[in-house]
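Below is one structure; the comments refer to it alone.
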Amino acid sequence: MAARVGLNGQAPRCDHIDLLPAVEPGLPECKECLALGQAWTLLLVCLTCGWVACSDDSPGGHAREHYRETDHPVVAALAPETAWRWCYVHGRIV
């Protein structure tokens, strides 16, 4: 079976996005940062469970920590005006 090709014709399509359930994001805050008194730069939502946490650009990097704990592969920016999604497994935008 041939690998499915992405829009740019080079990278294989990320099958993780095909397996995502419909989720409602949690509150627009990083609970871990709040508990530590830290600020965040960008919030990400886990597209598997809806957990909201800070990005790698933030001091805590709690979204990646959530991935390491749960193996939930794909996050999206928690901003209605963007369609940006990141797959931790493939290490790229999907």
Given (1) within 20 Å of ARG13 (Cβ to Cβ); (2) at pLDDT 95 or above, number of the condition ARG92 does not satisfy: (2)
Out of the residues in segment 49-89 meeting the condition of being more than 9 Å from the chain's Cα centre (by Cα) and polar (S, T, N, Q), tell me which one is modelled with the highest pLDDT. THR70
Residue selected from segment 11-26 under the condition outside any helix (DSSP H, G or I) and loosely packed, with under 13 Cβ neighbours inside 10 Å, by the criterion modelled with the highest pLDDT: GLU24
If a residue counts only when it is buried (at least 21 other Cβ atoms within 10 Å of the Cβ) and without any contact (Cβ under 8 Å) to a residue 24 or more places away in the chain, which strands (runs of 3 or more DSSP E) contained entirely in segment 38-94 have at least 1 such residues? 52-54
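The values are calculated or read from the model by the stated rules, or taken from the named source; none is laboratory data. The model shown is predicted, which means the values in this text are computed figures rather than measured ones. All Cβ positions, even for glycine, are placed from backbone atoms using ideal geometry, and neighbour counts span all protein chains on display.
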